[in-house]
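> My questions will all concern the structure given below.
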Amino acid sequence: MPLSRRIERALPNALGIGLTGFVLVVLFGPVLLLALFSFNDSTVISLPWEGFTTRWYSEALNDDGAMSAIGHSLVVASVVTVASLILGTLASWGLTRIPFRGRSLVAGIHGAVLVVPWLIIGIAGLIFFSQIELALSLQTITLMHIVVTFPLVVAVVSAGLIRFDPSLEEAAIDMGASQLQMMRYVVLPQIAPSLAAAAIFAFAWSFNNFEISFFTGGFEQTFPVWVYGVLRHSSNLPVVNAASTIIALAQVLLVFGLWYGMKLMTKRRGGTDRDAAEMITGAVR
Amino acid sequence: MITLSSLTKQFGDATAVDAIDLEIADGEFFSMLGPSGCGKTTTLRMIAGFEEPTSGRIELAGEDVTWTSPRRRNVNMVFQNYALFPHMNVRENVEFGLRIKKLGKAEAKERIERMVAAVRMEGFEDRHPAQLSGGQQQRVALARALVNQPAALLLDEPLGALDLKLRKEMQLELKSIQQQTGTTFVYVTHDQEEALTMSDRVAVMNGGKVEQAADPRTLYQRPDSAFVADFIGTSNLMTIPTGQRAGEDIRIALPAASPNGEVTITVRPEKIKVVASEPADGSYARGTVLENVYLGSMTQLIVEIRSGERLIVHQLNDEDGREPLAPGAAVILAWSAEHSYVIPEKGPQ
Ligand SMILES: Nc1ncnc2c1ncn2[C@@H]1O[C@H](COP(=O)(O)OP(=O)(O)O)[C@@H](O)[C@H]1O
Ligand SMILES: [Mg+2]
């Protein structure tokens, strides 16, 4: 092959790799840099490199404030995930399978909630709770988080249900299955990727949310609110940095674990990597 | 036995199925044939229970099931896209109905093995649908339905997604499975050849109505309507004004006891002969060849007769060295009186 032709062929590839690399650096560079500095033996996050230490990590792990905030966030995010998953799946079923008047209106309202800024939802929640004179607490945070994650779950699970071939449901009924058996044996195993994606998103949204938790929370803080609070003293910076690195790493591992699990699952069903990607991106679309 | 009585289905203002009456006998291979949109699928889905009729009755084995839930009807459906459960392997798919019915392990196992063997899918039990070809998926779908030992199997264009060669193979296979199991098959198709080769009886449907339900031979030889004559095989439809049409270039002889007045007749292309001179009796028409099409075992001629109508003629290619008639050639076509089949007048609708 002549050289010019070879260059012509290799060029798109090289460009693609270059561009991807650039995007990755811009996106994750700062995060990785922070993670790196969490091992720097200095209270300021900047060069020069003062030496490797795990001091900030042991401090973070021994910091009662950090640990209880993380604990609160885990509890809130778990409750929010389970509640919004159950409610959202039921709502998705209604929206995609049961014809009723004003169905598109209801679906539209769900979509609308997704684009309202969290700040506004947080303030609205604050006003609402003070109107009904409900004391702010982790419960009020949980309630307001569900307001946001519920439509998210509805969007993701509905997408899965719309892609789901309804003749599979009929086939199950045709062979004598009740509605419940059809759900259990046919529908749920099929929309499992959508449910998993919805669960991950709901959990991450709730766990990472600052605005809503800030306005509708009481004395007990969630992790982002705690971070905001302690960051006012710059001496806390390395500890926050270490704690955030742990949290970020845990979330990344969670998502990758899920991705890998789904790949295994589609492989077992005779699908390809592409099917797995299709299932996951399809669940999000 | 499946009995449909004045079965009607309306979607809004549109009537998809219009007062159908049908009786399907046990063990019969019964087809519903008609152009797209004529109401075949809707009829089948009403028998399965997935559509509720607007009016009329459905009986299975003498029992009124018009309002029975599909899960309690002793019929099973084979869907056009197979509708196999993608997350289950072949064995689990076939097992599904028996698992729901909580059939004993030993009997279930035996039935599944027998069914998988009947559709020649041994050795594929652990594969998932995504790892099977279209024809194999089709066979699994068949096994999954038949393992429930339904009183009737409902099939909605089950071969529609297969290529021609595979379709031919599967036609034979379906027919043999049907005969083996003795199950009643209600088979929906828009392919007349498929319906004729496989079925004991065929209901020809048009616009939500059954035009004629009969065995293939009767449909071909004695169609009840111009639509049936036209839809089944190739036919030459002609409207004959009064009694006979006689002139210098044409003479139409009708069978004895034909009605007076205007009639519509159909003449099958293989009954028309190209002759050298006007025959003494029977029908003939002078015309000009417009086109000849070589079809292997026969040649199809399109001849324009003097009255302006075009007739299709099939000539068997059974003589070596016969020159095909070139376009423009003047010919005389002849056929006997009994081959002018008079289509019965439709009663008041
Ligand atoms: N769910 C439905 N809603 C509205 N119209 C329908 C529905 N199903 C079928 N139809 C209409 O009913 C007629 C018959 O459809 P169908 O039974 O699918 O015909 P076929 O199977 O013979 O092609 C068509 O005109 C079709 O558009
Ligand atoms: Mg159809």
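> With the cut-off at 18 Å, report for the stretch B:46-189 the share of all Cα pairs above it, as a whole percent. Numbers along the way, then the final one.
Working: 5867 of 10296 pairs.
The answer is 57 percent, as a whole percent.
> Considering only DSSP states other than H, G, I, E and B, which trypsin sites (Lys or Arg not before Pro) in the stretch A:86-162 qualify as loop sites with at most 14 other Cβ atoms within 10 Å?
For trypsin sites (Lys or Arg not before Pro) across the stretch A:86-162 that sit outside H, G, I, E and B with at most 14 neighbouring Cβ atoms in 10 Å, the list reads A:Arg101.
> So for the protein assembly as shown: antiparallel DSSP bridges make up what percent, rounded to the nearest 5? Let's see the in-between values first.
Values: 54 of 72 bridges.
Around 75 percent antiparallel, to the nearest 5.
> Using only Cα atoms, locate the centre of the stretch A:130-183 and the centre of the stretch B:41-66, then give the distance between them in Å, rounded to an integer.
Rounded to whole Å, the Cα centres lie 34 Å apart.
> OK, next. Compute the normalised compactness of chain B: alpha-carbon radius of gyration over 2.2 N^0.38 Å, N being the residue count. Intermediate values should be presented prior to the final figure.
Numbers: Rg = 24.6 Å, N = 349, 2.2 N^0.38 = 20.4 Å.
Relative to the rule-of-thumb radius for its length, chain B sits at 1.21.
> Over chain B, what is the percentage of antiparallel beta bridges among all DSSP beta bridges, to the nearest 5? Show your work: numbers first, answer last.
Values: 53 of 71 bridges.
About 75 percent, rounded to the nearest 5.
> Put +1 on the Cβ of each Lys and Arg and -1 on the Cβ of each Asp and Glu in the protein assembly as shown; which of B:Leu103, A:Ser73, B:Val78 then has its Cα farthest toward the positive end of the dipole?
My answer, from the dipole projection, is A:Ser73.
> Place a +1 charge on the Cβ of each Lys and Arg in the protein assembly as shown and a -1 charge on the Cβ of each Asp and Glu, then give the dipole magnitude about the Cα centre in debye, rounded to the nearest 20.
Details: 53 positive and 63 negative charges, 269 e Å.
Using only the charged Cβ atoms, the result is roughly 1300 debye.
> Hey, if you put +1 on the Cβ of every Lys and Arg and -1 on every Asp and Glu Cβ in the protein assembly as shown, which of A:Leu3, B:Pro324, B:His190 ends up farthest toward the positive end of that dipole?
Working it through, the farthest residue towards the positive pole turns out to be A:Leu3.
> With an 8 Å cut-off on Cα pairs and a minimum separation of 6 or more residues, tell me the relative contact order of chain B in percent.
Values: 698 pairs, mean separation 56.0, N = 349.
The value is 16 percent.
> Test of the criteria: in the stretch A:180-269, which trypsin sites (Lys or Arg not before Pro) are in a DSSP loop and have at most 14 other Cβ atoms within 10 angstrom of their Cβ? Could the numbers behind the result be given before it?
Details: sites: A:Arg184, A:Arg232, A:Lys263, A:Lys267, A:Arg268, A:Arg269; in loops: A:Arg232, A:Arg269.
Qualifying residues, ordered by number: A:Arg232.
> If eta is 1.306 mPa s and T is 10 °C, what Stokes-Einstein diffusion coefficient results for the stretch B:183-284, Kirkwood Rh from Cα pairs, in µm²/s? Intermediate results must be reported in sequence, preceding the final value.
Details: Rh = 15.7 Å.
Value of D from the Cα-based Kirkwood radius: 101 µm²/s.
> Past the 21 angstrom mark, what percentage of all C-alpha to C-alpha distances in the stretch B:261-349 do you count?
Details: 1343 of 3916 pairs.
That fraction is 34 percent.
> Per Stokes-Einstein, at 10 °C and 1.306 mPa s, what whole-number D in µm² s⁻¹ belongs to the stretch B:1-118, with the Kirkwood radius over Cα pairs as the hydrodynamic radius? Walk me through the numbers on the way to the answer.
Details: Rh = 16.3 Å.
Answer from the Stokes-Einstein relation: 98 µm²/s.
> Among B:Leu142, B:Thr3, B:Val90, whose Cα sits farthest toward the positive end of the charge dipole of the stretch B:1-156 (+1 at Cβ of Lys/Arg, -1 at Cβ of Asp/Glu, about the Cα centre)?
Final value for the positive-end residue is B:Val90.
> Within chain A, what's the longest run with no chymotrypsin sites (Phe, Trp or Tyr not before Pro) in a DSSP loop and at most 15 other beta-carbon atoms within 10 Å? Give the range, please.
Details: sites that count: A:Trp49, A:Phe100, A:Phe219.
Value returned for the longest uninterrupted segment is A:101-218.
> Using θ = phi - 60° and the Karplus form 6.51 cos²θ - 1.76 cosθ + 1.60, what ³J(HN,Hα) does each residue of the stretch B:51-67 get, whole Hz, x for Gly and Pro?
10, 8, x, 6, 7, x, 10, 10, 10, 10, 6, x, 9, 6, 10, 3, 10
> Am I reading the B/A interface right? What is its buried accessible area, both sides, 1.4 Å probe, to the nearest 100 Å²? Working shown, then result.
On the way: alone 17260 and 16940 Å², together 32150 Å².
Buried area between the two chains comes out at roughly 2100 Å².
> Okay, next question. In percent, how large is the relative contact order of the stretch A:1-150, given Cα pairs closer than 8 Å and 6 or more residues apart?
Numbers: 57 pairs, mean separation 30.2, N = 150.
Relative contact order here is 20 percent.
> What does the accessible area per residue of the stretch A:69-282 come to in Å², with a 1.4 Å probe and no ligands, DNA or RNA counted? Before the final figure, lay out the partial values.
Working: 10460 Å² over 214 residues.
Per-residue value: 49 Å².
> Which value at 222 nm does the protein assembly as shown reach when only helices count, each DSSP H run of 4 or more adding -39,500 (n - 2.57), with the total divided by all residues and rounded to the nearest 500 deg cm²/dmol?
Numbers: 21 runs with 306 residues, N = 634.
It lands at -15500 deg cm²/dmol.
> Then there is this: Can you count the Lys pairs in chain B whose Cα atoms are under 23 Å apart, with each pair 8 or more apart or on different chains?
9
> While we're looking at this one, here's another question. Please compute the Kirkwood hydrodynamic radius over the protein assembly as shown, one decimal place, Å, based on all pairs of different Cα atoms. Write down the numbers at each step before the final one.
Values: mean 1/r = 0.0321 Å⁻¹.
31.2 Å is the Kirkwood radius here.
> Take the solvent-accessible surface of the protein heavy atoms, probe 1.4 Å, and return the percent of it on the protein assembly as shown that carbon and sulfur atoms account for.
Numbers: 19230 of 32150 Å².
Roughly 60 percent, rounded to a whole number.
> What dipole magnitude, in Debye to the nearest 20, does chain B give about its Cα centre under +1 on Lys/Arg Cβ and -1 on Asp/Glu Cβ?
Values: 37 positive and 47 negative charges, 227 e Å.
It comes to approximately 1080 debye.
> Using alpha-carbon positions, what is the distance between the centroids of the stretch B:213-235 and the stretch B:177-208, in Å?
Computed from Cα coordinates, the inter-centre distance equals 15 Å.
> Based on the Cβ-Cβ distance from B:Leu166 to B:Asp215, what FRET efficiency comes out when R0 is 25 Å, to the nearest 0.05?
On the way: r = 27 Å, r/R0 = 1.07.
Result of the calculation: an efficiency of 0.40.
> Amide H neighbours of B:Asn206 under 5 Å, counting only residues 5+ apart in sequence or on other chains, H built in-plane at 1.01 Å?
Amide H neighbours of B:Asn206: B:Glu211.
> Can I ask one more? Could you pull the Rg and Dmax for the stretch A:69-282, using just the Cα atoms, both in Å?
Answer for the stretch A:69-282, Rg first and Dmax second: 19.7, 67 Å.
> When only C-alpha pairs under 8 Å and at least 6 residues apart count, what is the relative contact order of chain A, in percent? Before the final figure, lay out the partial values.
Numbers: 286 pairs, mean separation 81.1, N = 285.
Result for chain A is 28 percent.
> Now, a different point. Just to verify a number: FRET efficiency for B:Ala14 and A:Glu50, C-beta to C-beta distance, R0 = 60 Å, to 0.05?
On the way: r = 80 Å, r/R0 = 1.34.
In this case the efficiency is close to 0.15.
> Which whole-angstrom value gives the distance between the alpha carbon centres of the stretch B:109-153 and the stretch A:14-62?
57 Å
> Can you classify the stretch A:8-116 as rounded, prolate or oblate using the Cα gyration tensor, where a ≥ b ≥ c are the square roots of its eigenvalues, rounded means a/c under 1.5, and otherwise it's prolate if a/b beats b/c and oblate if not?
oblate
> Next question. Out of the stretch A:8-107, which GluC sites (Glu not before Pro) are coil in DSSP terms and have no more than 15 other C-beta atoms within 10 Å? Could the numbers behind the result be given before it?
Details: sites: A:Glu8, A:Glu50, A:Glu59; in loops: A:Glu50.
Counting only loop positions with at most 15 other Cβ atoms within 10 Å, the GluC sites (Glu not before Pro) in the stretch A:8-107 are A:Glu50.
> Ok, one more. About the Cα centre of the stretch A:69-282, how large is the charge dipole given +1 on each Lys and Arg Cβ and -1 on each Asp and Glu Cβ? Please answer in debye to the nearest 20.
On the way: 11 positive and 10 negative charges, 51 e Å.
My answer is approximately 240 debye.
> Same structure again: Filter chain A for me: DSSP H helices, axial length by Cα at least 20 angstrom, mean Kyte-Doolittle hydropathy not below 1.6. List them by residue number. Write down the numbers at each step before the final one.
Values: long enough: A:3-37 (45 Å, 1.45); A:64-97 (48 Å, 1.18); A:138-163 (36 Å, 1.77); A:188-208 (29 Å, 1.19); A:237-268 (46 Å, 1.13).
TM-like helix candidates: A:138-163.
> Can I ask one more? Per residue, what accessible area does chain B have, given a 1.4 Å probe and all protein chains present, in Å²?
Values: 16270 Å² over 349 residues.
Per residue, chain B has 47 Å² of solvent-accessible surface.
> OK, next. Using DSSP loop states and a limit of at most 13 other Cβ atoms within 10 Å to flag trypsin sites (Lys or Arg not before Pro), what is the longest stretch of chain B containing no flagged site?
B:121-305
> Taking N as the number of residues in the stretch A:133-191, what is its alpha-carbon radius of gyration divided by 2.2 N^0.38 Å?
On the way: Rg = 17.3 Å, N = 59, 2.2 N^0.38 = 10.4 Å.
Normalised Cα radius of gyration, the stretch A:133-191: 1.67.
> Could you run the Karplus curve 6.51 cos²θ - 1.76 cosθ + 1.60 with θ = phi - 60° over the stretch B:281-295 and give me ³J(HN,Hα) per residue in whole Hz, x for Gly and Pro?
9, x, 9, 8, 8, 8, x, 10, 6, 9, 7, 10, 10, 7, 10
The values are calculated or read from the model by the stated rules, or taken from the named source; none is laboratory data. Remember, predicted model here, so these are calculated numbers, not experimental data. Glycine gets a Cβ as well: all are built from the backbone with ideal geometry, and neighbour counts include every protein chain shown. For accessibility, only protein heavy atoms count, side chains too; no ligands or nucleic acids. Shrake-Rupley method; radii C 1.70, N 1.55, O 1.52, S 1.80 Å.
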